[in-house]
Amino acid sequence: MNKHKFYQFVIPSVCASMVTGLYFVVDGIFVGRGVGSNGLGAINLAVPFICILTAVAMMIAMGGSTITSIFIGQGNEQKALRSFMNSIYLVLIFSAFMTVFSFLFSDQIARLLGARGDLLSLTSDYLRYYILFGIFFCMAMVLAAFVRNNGNPKLGLAGMAAGALSNVFLDWLFIFVFHMGIHGAAVASGLGQVISCMIMLPHFIHGKGRLKLKLLPIEKYYTSEILRRGIPELITQMSQPVTIFCYNLIVIRYLGNIGVSAFSVVCYLLTLVFSVFIGVSDGIQPLISRSAGEGKKELERCFLKKGIAVNFLLAFLLYAVLLLFGEPVIHIFNREPALVKLAGESLSVYGVSFLFAAVNMIFTTYHLASKRTFKALTIASLRSFIINVAFIFLMPAVFGRQALWTGIIAAECTVTFIAVLMMKKSSDSHTCSAAAAEN
């Protein structure tokens, strides 16, 4: 493993992550054009709940694939198979429960998410139809993670790409041809995930790698290991839905339904922007892990520095693009003047947080990849639940409506400062230990 491997890992990872991001953006474009601003607002209110579904599925996927890879590396294929099958059982149980629960209580969930008036029925309907495909949404994420760990990353990318492309066609078909409205958007998304699963499942049915589908018992040991290893991923994944949920509550109070609709456009763009940052972070993870395992501290730090530099540069470039071309991009979703104006104003301020968020993601990945789990959990928790929530509500409460979008900037900047202090303290400690060893 050497530093020249950086782009060989990062570029494919960014491409795969962007495919997932585009999946949601395309939904927004078709809904904005075919259903209108209320449709955008309804989906944005539903996003935090959908992201919880995604976060738990990713926790199982990453926790399960991590311990499965460890067992494969140790040459223990029987334990690898058991951890794989226990991951499948966990995601099936969780998604089946969430499907039934969400379908029965979609109205109550929509109210809890802040939906009122015209947005209530739209949000509830979207959730009800979307969750019918909950098992496929969760299963697609788990299968993609295990396909990569089973030696076929191209198949995982192919499955994700096929789902995204089919979603584009089905969105057009259901919304503009069959005039199914927001129900059509939900069904199109679900069928896209069905196609993704159909592409990846044969890999495990026919046993083309070390892992294959086999009827095995659920075991407490594997279940607890999968959940324990996946908790950092859960916390990291929860950052965006928590932010969106908090902002939805604030925005609907200060700006009303049109504000929520405008913020929904911002959220679609955020999904695409953050998919780039996540792609870089995911790409450097195996490089850092391998370097840490080999005891190559300098190479480990090299990948950290390159990851920070690349993500910061990308954040700067993406923010500049959105500043220059923000209005034409927003027009792709919806041309309502009030919506375009509000979305443009919020994006120009909110976008500053990209610079800090991109760096924070790299720090989290670095600590996770190098087995500094407590530090990774600290940064992830601060971003997801503590500093993030506090500043989002505090800034407009103290400084008024004009400070509505500054909370996320203050939060991400504070977390970056704390992360840098943690790195400095770690470096000072390492220097002192080395000096003591020499003496």
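The values are calculated or read from the model by the stated rules, or taken from the named source; none is laboratory data. Nothing here was measured: the structure is a model prediction, and the numbers come from that model. FYI the Cβ positions are ideal-geometry reconstructions off the backbone, even for glycines, and counts take in every protein chain you see. Protein only, heavy atoms only, side chains kept; ligands, DNA and RNA dropped before computing areas. Shrake-Rupley method; radii C 1.70, N 1.55, O 1.52, S 1.80 Å.
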In the range 280-291, what count of residues is obtained for those that are at pLDDT below 85 and either among the β-branched types (V, I, T) or open to solvent by less than 30 Å² (accessible area, probe 1.4 Å) (or both)? 5
Residues located in the range 96-121, provided they are in contact (Cβ under 8 Å) with a residue 60 or more places away in the chain and open to solvent by 40 Å² or more (accessible area, probe 1.4 Å): R116, G117, D118
Can you go through F316, F274 and tell me which one is crowded, with 19+ Cβ neighbours inside 10 Å, modelled with pLDDT of 85 or more and under 26 Å from N44 (Cα atoms)? F274
Exactly one of (1) outside any helix (DSSP H, G or I); (2) open to solvent by 10 Å² or more (accessible area, probe 1.4 Å) is unmet by N257. Its number? (1)
F174, sole failed condition from (1) crowded, with 19+ Cβ neighbours inside 10 Å; (2) in contact (Cβ under 8 Å) with a residue 40 or more places away in the chain: (2)
Return the residue satisfying two criteria in turn: it lies in the range 180-213 and is touching a helix residue (DSSP H, G or I) at 6+ places or on another chain (Cβ under 9 Å) and free of Cβ contacts under 8 Å to residues at least 12 places away in the same chain, and of such residues it is surrounded by the fewest Cβ atoms within 10 Å (Cβ to Cβ). M198
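Quickly run through the range 214-228 and pick out the residues that are surrounded by fewer than 22 Cβ atoms within 10 Å (Cβ to Cβ) and part of a helix (DSSP H, G or I).
First, pick out the residues of the range 214-228 that are surrounded by fewer than 22 Cβ atoms within 10 Å (Cβ to Cβ): 214-221, 223-225, 227-228.
Scanning the range 214-228 gives K220, Y221, T223, S224, E225, L227, R228.
Let's see how each residue does on (1) within 21 Å of the chain's Cα centre (by Cα); (2) surrounded by fewer than 22 Cβ atoms within 10 Å (Cβ to Cβ):
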{"residue": "A338", "(1), (2)": "no, yes"}
{"residue": "L347", "(1), (2)": "yes, no"}
{"residue": "G351", "(1), (2)": "yes, no"}
{"residue": "N360", "(1), (2)": "yes, no"}
{"residue": "T373", "(1), (2)": "yes, yes"}
{"residue": "A376", "(1), (2)": "yes, no"}
Picking from L119, L81, which residue would you name as being over 22 Å from V242 (Cβ atoms) and among the hydrophobic types (A, V, I, L, M, F, W, C)? L81
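Take N167 and decide whether it is buried (at least 24 other Cβ atoms within 10 Å of the Cβ) and under 21 Å from S65 (Cβ atoms).
Details: buried (at least 24 other Cβ atoms within 10 Å of the Cβ): yes; under 21 Å from S65 (Cβ atoms): no.
It is false that N167 is buried (at least 24 other Cβ atoms within 10 Å of the Cβ) and under 21 Å from S65 (Cβ atoms).
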Could you check, for the range 1-24, whether at least one of its residues is small (G, A, S) and over 24 Å from S239 (Cα atoms)? no
Taking the range 237-249 as the search range and keeping residues that are in contact with a Pro (Cβ under 6 Å, 6 or more places away or on another chain) and of a type in the set (A, V, I, L, M, F, W, C), which one is nearest to T406 (Cα to Cα)? I244
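At least 1 residues that are more than 19 Å from the chain's Cα centre (by Cα) and of a type in the set (D, E, K, R) in each: list the helices (runs of 4 or more DSSP H) lying fully within the range 113-187 that qualify.
Numbers: elements: 118-131, 134-149, 153-172.
Helices (runs of 4 or more DSSP H) meeting the threshold: 118-131, 153-172.
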